[in-house]
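Working notes for the structure below.
The values are calculated or read from the model by the stated rules, or taken from the named source; none is laboratory data. What you see is a predicted model, and the numbers here were worked out from it, not measured in a lab. Positions of Cβ are backbone-derived with ideal geometry, glycine not excepted, and every protein chain shown enters the neighbour counts.
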Amino acid sequence: MPDHDQRALLAREFFDRPATEVAPDLLGCVLWHDSPAGIVAARLVEVEAYRGGMDAASHAFRGPTARNAVMFGPPGHAYVYFSYGMHYCVNVVCQAPGRGEAVLLRAGAVVEGAMLARQRRYGVPAASGTDAGGTSATGGGTGGAAAGPAGPDAGNGSRGRQRELDLARGPGRLCQALAIDRSLDGAHVCAPSGPLGIGPAQVDQSQADSAAIIRTGPRVGISKAVELPWRYWIAGDGHVSGYRPSKPRSS
DNA sequence: TGCTCGATTACCT
DNA sequence: GGTAATCGAGCAA
């Protein structure tokens, strides 16, 4: 049933470049997780580049530790960490081993397995019955999902639409929707047999148009190197999370 | 050994 | 729009 061995995957060489080059190229690509419960896939609409030892905001800035060891390994592997005591965030390692560069995957639009993603996020089977994307039941596979954000909330009001946009809007939500946790730390996203993968951007005309408009700006929630415009997102896409500067802790 | 902070989110006003 | 929640990593003593 998992048709992911037929899915196109990005080559390892794709990630063997500076994170600031990989990050914009990842926009429009599809991240998927094939779990026992089913497949959920999301088209990436927002990412951030972290450049290891030369980037004070990077987890790798201070050198390798047990937590960030994966960042210093070969490119094309997932670095998953636990944040704020309750959320997971997922990165993809870039550059040759030892560099510590990675791209944080911040937000996506669920294009497959939306029903399962809703279940994970909101604990309900489905808001409305129009979604055929539950688990791997999507007949058309990735291609059929290319229609964009229309289908799932048909018949719902703006509230339902917002919920749909919020499914994977933000790094913590993305991980929750795709059931990504520390067990996937180090997973190879270029391996055909692995549970986690990233496929190339779909060459659909409407998406090609939107993917052409890539914006850059300061990264979210960091207190160091805030001036670096290493956040990349698809302009006008409702699945992009809003910019929030780092908030100093209240005493 | 203990303390502080964090690549966030959900909920309350 | 503002704030509490929550826990692991990293640093200092």
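Of everything in segment A:61-93 that's within 21 Å of A:R12 (Cα to Cα) and more than 15 Å from the chain's Cα centre (by Cα), which residue is surrounded by the fewest Cβ atoms within 10 Å (Cβ to Cβ)? Among residues in segment A:61-93 that are within 21 Å of A:R12 (Cα to Cα) and more than 15 Å from the chain's Cα centre (by Cα), the one surrounded by the fewest Cβ atoms within 10 Å (Cβ to Cβ) is A:A69. Taking segment A:146-187 as the range and being surrounded by fewer than 19 Cβ atoms within 10 Å (Cβ to Cβ), at pLDDT 85 or above and away from DNA strand B (no atom under 15 Å from the Cβ) as the test, only A:S183 passes. Residues that are more than 26 Å from A:G238 (Cβ to Cβ) and touching a Pro at 6+ places or on another chain (Cβ under 7 Å) were ranked within segment A:73-95; the one that is farthest from DNA strand B (Cβ to nearest atom) is A:P74.
Applying a threshold of 9 Å to beta carbon distances and a minimum spacing of six or more residues, or different chains, the list of pairs starting in segment A:65-87 at a residue that is under 14 Å from A:L104 (Cβ atoms) and free of Cβ contacts under 8 Å to residues at least 24 places away in the same chain and ending at one that is near DNA strand B (Cβ under 7 Å from one of its atoms) and not hydroxyl-bearing (S, T, Y) is empty.
Considering only residues that are farther than 23 Å from A:I214 by Cα and in contact (Cβ under 8 Å) with a residue 12 or more places away in the chain, which ones fall in segment A:24-60? Give the derivation first.
In the first step, residues of segment A:24-60 are kept if they are farther than 23 Å from A:I214 by Cα; the result is A:33-40, A:52-54, A:56, A:59-60.
Passing the criteria: A:H33, A:D34, A:S35, A:A37, A:G38, A:I39, A:V40, A:G52, A:G53, A:A56, A:H59, A:A60.
In the set (1) at pLDDT 90 or above; (2) under 22 Å from A:F15 (Cβ atoms); (3) more than 15 Å from the chain's Cα centre (by Cα), the condition left unmet by A:G217 is number (2).
Could you list all residues from segment A:217-234 that are away from DNA strand C (no atom under 16 Å from the Cβ), over 15 Å from A:V103 (Cα atoms) and of a type in the set (D, E, K, R)? Break it down into steps so the answer makes sense when it comes.
The first filter runs over segment A:217-234 and keeps only residues away from DNA strand C (no atom under 16 Å from the Cβ), leaving A:217-219, A:226-234.
If we keep only those that are over 15 Å from A:V103 (Cα atoms) as well, we get A:226-227, A:234.
Residue satisfying the conditions is A:E227 alone.
Residues in segment A:46-61: is at least one within 16 Å of DNA strand C (Cβ to nearest atom) and charged (D, E, K, R)? Taking every residue of segment A:46-61 in turn, at least one turns out to be within 16 Å of DNA strand C (Cβ to nearest atom) and charged (D, E, K, R).
So, A:P64, is that one touching a helix residue (DSSP H, G or I) at 6+ places or on another chain (Cβ under 9 Å) and at pLDDT below 95 or not? Yes. Modelled with pLDDT of 90 or more, more than 11 Å from DNA strand B (Cβ to nearest atom) and of a type in the set (D, E, K, R) - does that describe any residue in segment A:198-206? No; the residues of segment A:198-206 include none that is modelled with pLDDT of 90 or more, more than 11 Å from DNA strand B (Cβ to nearest atom) and of a type in the set (D, E, K, R). Filtering segment A:48-72 to residues that are touching a strand residue (DSSP E or B) at 6+ places or on another chain (Cβ under 6 Å) and more than 10 Å from DNA strand B (Cβ to nearest atom) leaves only A:V70.
Going residue by residue through segment A:117-126, is there one that turns out to be of a type in the set (A, V, I, L, M) and modelled with pLDDT under 50? Yes - at least one qualifying residue is present in segment A:117-126. When A:D209 is tested against (1) under 21 Å from A:L31 (Cβ atoms); (2) modelled with pLDDT under 75, just one condition goes unmet, and that condition is (1).
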